[in-house]
Amino acid sequence: MTGTRTGIVTHTVVGSGMGPITLVGTDGALSALLLPSTRPRNHPADGDIGRRDDASLAEAAQQLTEYLAGTRTEFDLQLHMVGSEFQKRVWHGLLRIPYGTTWSYGELAASVGLDPRTSSRAVGAANGANKIAIVVPCHRVIGANGALTGFAAGVERKRFLLELERSPVGGAGTLF
């Protein structure tokens with residue numbers, strides 16, 4: 001995982017119950033996942049999604065399709081994260097939130113070695129800057145009171161993803 005976005009940029013589009021999802025890759029590594037209505041600050045910094053190349057992101061598209069069908073709970077993809085060291089620290093923390101689980105911003109802060117009393121807001125800002133939604137599961141972070149809080153593509157899409165991950169009836173509990 002690297003910190004700068006250089007290389008050949010391509011994209012593909014995957015259909016979903018939330019509308020078309022655009023996957024953006026840099027040299028074949030996933031660098032952005034754009035849901036409909038994803039706010040502009042979560043798009044690639046230079047706005048470039050490259051030419052459409054379904055083959056270069058075929059594995060990412062397949063794994064996303066499996067996730068959305070409820071048959072995949074973990075992603076195994078090369079990621080190209082672009083952000084500050086602090087942001088990347090938080091994003092790596094997001095990757096440790098298990099499928100079907102939610103954490104508060106304070107829990108996320110503590111998981112990356114920060115004091116939740118003083119860093120929850122900064123962790124929330126880094127979470128909100130994540131450009132690889134779903135795969136880097138920022139949707140699994142909720143308010144300390146259990147409320148669904150911000151999501152770059154809207155709270156309804158966040159709710160959709162959390163419902164998708166909800167344990168079956170009689171399962172091990174609820175997400176929120």
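Before moving on, here are some points about what is shown:
- Output for the range 121-152, where each listed residue is more than 27 Å from T22 (Cβ to Cβ) and in a loop (DSSP other than H, G, I, E, B): G143, A144, N145, G146, A147
- Scan the range 63-74 for residues that are open to solvent by 50 Å² or more (accessible area, probe 1.4 Å) and of a type outside the set (D, E) and the total you get is 5.
- Flag for T118 being part of a loop (DSSP other than H, G, I, E, B), farther than 24 Å from G28 by Cα and open to solvent by 20 Å² or more (accessible area, probe 1.4 Å): no
- For beta carbons closer than 7 Å, sequence separation of 6+ or different chains, a first residue in the range 141-163 that is closer than 18 Å to Y67 by Cβ and a second that is open to solvent by 80 Å² or more (accessible area, probe 1.4 Å), the qualifying pairs are A153/S37.
- Scoring L108 on the criteria (1) under 22 Å from L23 (Cα atoms); (2) in contact (Cβ under 8 Å) with a residue 24 or more places away in the chain leaves a single failure, condition (1).
- Conditions (1) surrounded by fewer than 17 Cβ atoms within 10 Å (Cβ to Cβ); (2) at pLDDT below 95: number failed by E85: (2)
- Qualifying residue in the range 42-54 (condition: assigned to a helix (DSSP H, G or I), of a type in the set (D, E, K, R) and open to solvent by less than 70 Å² (accessible area, probe 1.4 Å)): no
- Of the residues making up the range 88-99, those that are more than 21 Å from V24 (Cβ to Cβ) and open to solvent by 20 Å² or more (accessible area, probe 1.4 Å) number 4.
- Matching entry among A58, A29, A109 (being touching a strand residue (DSSP E or B) at 6+ places or on another chain (Cβ under 8 Å) and open to solvent by less than 30 Å² (accessible area, probe 1.4 Å)): A29
The values are calculated or read from the model by the stated rules, or taken from the named source; none is laboratory data. Being a predicted model, the structure only gives us computed values, none of them experimental. For neighbour counting, all protein chains shown are included, and Cβ atoms are generated from backbone atoms with ideal geometry for every residue, glycine included. The protein model used for the area step is the full one, side chains on, heavy atoms only, and it has no ligands, DNA or RNA in it. Shrake-Rupley method; radii C 1.70, N 1.55, O 1.52, S 1.80 Å.
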